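The values are calculated or read from the model by the stated rules, or taken from the named source; none is laboratory data. The structure displayed is predicted, hence computed values, not measured ones. With ideal geometry, Cβ positions are generated from the backbone for all residues, glycine too; neighbour counts draw on all protein chains shown.
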Amino acid sequence: MSKKSKSSAPEDFGGYRAGFASLVGRPNAGKSTLTNALVGKKVAITSAKPQTTRHTIRGIVHRDDAQLILVDTPGLHRPRTLLGKRLNDLVADTLAGVDAIGFCLPANEKIGPGDKFIAAQLAAVGNKPIIAIVTKTDLVDRQALTEQLLAVAALGRDVLGEEGWRDIVPVSAADGFQVTTVADVLISHMPPSPVLYPDGELTDEPEAIMVAELIREAALEGVRDELPHSLAVVVDEMVPRAGRPDDNPLLDVRVNLYVERPSQKAIIIGKGGSRLRDVGTTARIGIEALLGTRVYLDLHVKVAKDWQRDPKQLVKLGF
């Protein structure tokens, strides 16, 4: 793969660059955390549980000379359900429309079959610059990081030939190490372009989707391992409370949380509804910060049996 920079467009737009970059990697590789660090504000949910991202989230990095639109995708994986296949298809569709790809590999985990599977998928995408981003460097010492960087370089040569990845960048979104460098490298691969989004806009994701993701993040904290795959959140309604004074508005947000089994419903609700109340309290803080107004959050937990494998229910739940 050639390492030459992009050729100049007929218009150079005063040197301004703008374009789309997709962060990919296996589940829990740090993609959402890095997206938030690059944007400087939470636009993608994060969790210690794998496969928490269900929608592509566009986070927008604004600079005086450039605009970088980050597309965070679900983790690529070998699918076991219809939902898993649709999430992989979502990643493939996303990659077809971006200008560069950031392949996230955690510094604290050895390269495994999942990474090799994704690397092979990326190699088949075509002539797009692929930047290897070694995440979570704060979790390893210098010796381990050096070994991981060498292993990542070797993986690039295995799948892309002798020249390998366009760049390899170690980063820690947790402590800010080289976050700016990641942005610099990705922007260097963006084409000359006019401004694509208004200044100050951080995402083009609909507010209802962002609200659902914040609730889902809160619901995933501290629960059993099977729930990340079995939990879907749908915002039914977001309406201003009637009769409120202009200087003290209140937004009514009604939300359904769907699980696949009654036992999972009990986990989400908790004893006497205690856990669901905690979910609502935690999520409301993030939602009010996002929307800039006070919120009354009305949460209901419902069972949609085996929804991950049911095409009709997947459509109903937004997949």
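Quick look at the numbers
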| read-out | value |
| --- | --- |
| Among the residues listed as 30, 102, the single one being under 26 Å from residue 286 (Cβ atoms), of a type outside the set (Lys, Arg), touching a helix residue (DSSP H, G or I) at 6+ places or on another chain (Cβ under 7 Å) and at pLDDT 85 or above | 102 |
| Yes/no for residue 174 being in the same structural domain as residue 100 (by TED's automatic domain parsing), at pLDDT below 95 and of a type in the set (A, V, I, L, M) | yes |
| Residue in region 228-238 that is exposed (fewer than 12 other Cβ atoms within 10 Å of the Cβ) and either at pLDDT below 80 or more than 25 Å from residue 71 (Cβ to Cβ) (or both) present | yes |
| Test result for residue 283, of a type in the set (Gly, Ala, Ser) and at pLDDT 90 or above | yes |
| Residue within region 305-318 that is modelled with pLDDT of 85 or more, more than 28 Å from residue 59 (Cα to Cα) and not in a loop (DSSP other than H, G, I, E, B) present | no |
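Listed here are the residues, each with its yes/no results for (1) in a loop (DSSP other than H, G, I, E, B); (2) over 20 Å from the mean Cα position of the chain (by Cα); (3) crowded, with 20+ Cβ neighbours inside 10 Å; (4) of a type in the set (A, V, I, L, M, F, W, C).
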position: 117; (1), (2), (3), (4): no, no, no, yes
position: 120; (1), (2), (3), (4): no, yes, no, yes
position: 132; (1), (2), (3), (4): no, no, yes, yes
position: 148; (1), (2), (3), (4): no, yes, yes, no
position: 153; (1), (2), (3), (4): no, yes, no, yes
position: 163; (1), (2), (3), (4): yes, yes, no, no
position: 180; (1), (2), (3), (4): no, no, no, no
